[in-house]
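Chemist: Let me give you the structure first, and then I'll get to my questions.
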Amino acid sequence: METKIQDIQIGKKLFGEDFIWGVSTAALQTEGSCDIDGKGTSIWDTFAAKKGKILNGDNPNNACEFYHQYQRDIDLIKQLNIPNFRFSISWPRILPGGEGEINQAGIDHYNKVIDYCIEKGVKPWITLYHWDLPEALEIKGGWTNREIIEWFSAYVAICAKAFGDRVKNWMVMNEPAVFTGAGYFFGIHAPGRTGLKNFLPAIHHAILSMVAGAKTLRGILPAAQIGTTFSCSHIEPYSNKIKDINAARRADALINRLFIEPVLGLGYPVNEMPVLKDIEKFSLPGDEENLKFDFDFIGIQNYTREIVRYSLFTPYINASLVKAEKRNVELTSMKWEVYPPAIYHMVKKFNGYPQIKKLYITENGAAFPDEVIDDKVNDTKRTAYIQANLQQILKAKDEGYKISGYFIWTLTDNFEWAEGYHPRFGLIYIDFKTQQRIIKASGHWYRDFLSEEVKG
Ligand code: BGC
């Protein structure tokens, strides 16, 4: 008999002793202190300073003040029983000019954060690039300049040497599809560049850099667990018309396959996206080999599904997303559909690549309009979202698909890129005027779930 999802209990024990539980954050979204202790300017500092780029004119200058108050938030992680903390290193804090002179204060800072995690029994998981490119490198072309492979590898080497004695788990990049797509094609994220002329070289150089960074890490830290993370969405055709089915295939190639497949040695998905053939213009002999790396793990990050239909007017891909707002479905503050089965499909999909050794969910979560009432935030929708997603992951696991961990996005409300501070994703509420924190009901729920009190 088929297992019904409502019959699946989600006690932590059901996921097994070795399952990794965590929470994820990123430097730019939480640290603030954008020009303190020798930090260089990042593309997001520059982008946010331009008029009309960020909703409500918000900027990341102070964010959650994690730079100064990291102890307060790591204490909260401890209080919530969360054993693994994924955060990112800010490249411009380590190398204010992107390359060249090292900023010792930046190294000292992350040493303190790592040491404090360890002191509290929280394992640090480092992401090396979560979108905050040093502005000095963007001026030289950023991800469109092939020299970035060397710039990035040098930065990775510095981090590996400085932190590798205590950090075992590394993620080279966060969601290259998003920082190249939103940042170099649509121009809605920093650095705000548009068009194929920027997007295609950015794709190619991002993958070459990701692989060069991974090789650098492996060379310096042979015992490290080296991974990287990819965004993904479950894609469904709008109808069973062949036009829509083919449009959905093309969207799947762009959204889900473009970055993972070259890394696994499968090449770019040119059959579905012939425009990718133009990447050749930016290729050199030997590149095909240098797109491949045998990662110890892959992190997938899923929030929703997309419905795709044929569109004559969308260049290069002839496919468009049918907005969730028009589909009469439950929405998050990001206007993304609440659709927990998406994560089940993604676990299955990535299990379809036998080359992937280990798979984690390195981000999953939801933004809802939280309200503080009597100093409490009763965010029932977020708890329900997380529970439903965990049920789907357990379903996949019970069916034999490999999945080894789950990280919630995110610890505290934070700076949600072009959306500013409006969408609240945290397990912990922040009043951004006072920086006061309130653990939301979802945070209390996660704490109880992670404690032994929950019976499997
Ligand atoms: C990113 C996060 C972001 C989250 C929610 C992911 O794409 O890695 O930085 O805040 O999604 O939008």
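Chemist: How compact and how long is the range 1-91, expressed as Rg and Dmax of its alpha-carbon atoms in Å?
Modeler: 19.0, 62
Chemist: Follow-up. What value in Å³ per residue do you get for the convex hull of the alpha-carbon atoms in the range 75-186?
Modeler: Hull volume normalised by residue count: 109 Å³.
Chemist: Please report the antiparallel percentage of DSSP beta bridges with both residues in the chain, rounded to the nearest 5.
Modeler: Expressed as a percentage, antiparallel bridges in the chain total about 25.
Chemist: Show that you can apply the helix-only estimate: for the chain, add -39,500 (n - 2.57) for every DSSP H stretch of four or more residues, divide by all residues, and state [θ] at 222 nm to the nearest 500.
Modeler: So the helix-based figure for the chain works out to -10500 deg cm²/dmol.
Chemist: Still on this structure, please answer the following. Rounded to whole Å and sorted largest first, list the principal axis extents of the Cα atoms in the range 303-456.
Modeler: Its Cα atoms span 51, 40, 26 Å along the three principal axes.
Chemist: Taking the Cα centre as origin and putting +1 on Lys and Arg beta-carbons and -1 on Asp and Glu beta-carbons, what dipole magnitude results for the range 223-331, to the nearest 20 debye?
Modeler: With Lys and Arg at +1 and Asp and Glu at -1, about 640 debye.
Chemist: Right, another one. Work from the charge dipole of the chain (Cβ charges, +1 for Lys and Arg, -1 for Asp and Glu, about the Cα centre) and give the residue of 46, 5, 154 farthest towards its positive end.
Modeler: 5
Chemist: Right, next: Quick check: convex hull of the Cα atoms in the range 5-451, volume per residue, rounded to a whole Å³?
Modeler: Convex hull of Cα atoms, per residue: 142 Å³.
Chemist: With the crude spin-label approximation of a point 7 Å out along Cα→Cβ, what separation in nm comes out for residue 318 versus residue 402?
Modeler: 3.8
Chemist: Can you return the aspartates and glutamates within cross-link range of residue 13? Criterion is Cα-Cα under 20 Å, with same-chain partners fewer than 8 residues away left out.
Modeler: 398, 399, 448, 452, 453
Chemist: Over the chain, average the accessible area per residue using a 1.4 Å probe and give it in Å², no decimals.
Modeler: Working: 18580 Å² over 456 residues.
Roughly 41 Å² per residue, with all protein chains present.
Chemist: Of 218, 93, 250, which has the most accessible area and how do the rest follow, probe 1.4 Å?
Modeler: Of 218, 93, 250, the descending order of accessible area is 218, 250, 93.
Chemist: Now, a different point. Quick one: putting +1 on the C-beta of Lys and Arg, -1 on the C-beta of Asp and Glu, what dipole do you get for the chain around its Cα centre, in Debye to the nearest 20?
Modeler: Taking the Cα centre of the chain as origin, the dipole is about 940 debye.
Chemist: Could you work out the Kirkwood radius for the range 247-340, taking every pair of different alpha carbons, averaging 1/r and inverting it, reported in Å? Show your work: numbers first, answer last.
Modeler: Details: mean 1/r = 0.0648 Å⁻¹.
Across the range 247-340, the inverse of the average 1/r is 15.4 Å.
Chemist: Relative contact order, percent, of the chain when contacts are C-alpha pairs under 8 Å separated by at least 6 residues?
Modeler: Working: 944 pairs, mean separation 83.5, N = 456.
Computed over the chain, the figure is 18 percent.
Chemist: Specify the inter-centroid distance of the range 173-195 and the range 65-110, based on alpha-carbon positions, in whole Å.
Modeler: Here the answer is 24 Å between Cα centres.
Chemist: Under 21 Å Cα-Cα from residue 292, which lysines qualify once same-chain neighbours fewer than 8 residues away are excluded?
Modeler: Partners found: 215, 277, 281, 349, 357, 358.
Chemist: Here's another thing I want to ask about it. D for the range 368-456, whole µm²/s, Stokes-Einstein with Kirkwood Rh over alpha-carbon pairs at 37 °C and 0.692 mPa s: what number? Mind dumping the intermediate values first?
Modeler: Details: Rh = 14.4 Å.
The Stokes-Einstein estimate is 228 µm²/s.
Chemist: Now a separate question. Over the range 1-142, with every protein chain in place, what whole percent of the accessible area is carbon and sulfur at 1.4 Å, could you tell me?
Modeler: Answer for the range 1-142: carbon and sulfur cover 47 percent of the accessible area.
The values are calculated or read from the model by the stated rules, or taken from the named source; none is laboratory data. This is a predicted model, so every value here is computed, not measured. In this analysis, Cβ positions are derived from the backbone assuming ideal geometry, glycine residues included, and neighbour counts consider all displayed protein chains. Surface areas here come from the heavy atoms of the whole protein model, side chains and all, with no ligands, DNA or RNA. Shrake-Rupley method; radii C 1.70, N 1.55, O 1.52, S 1.80 Å.
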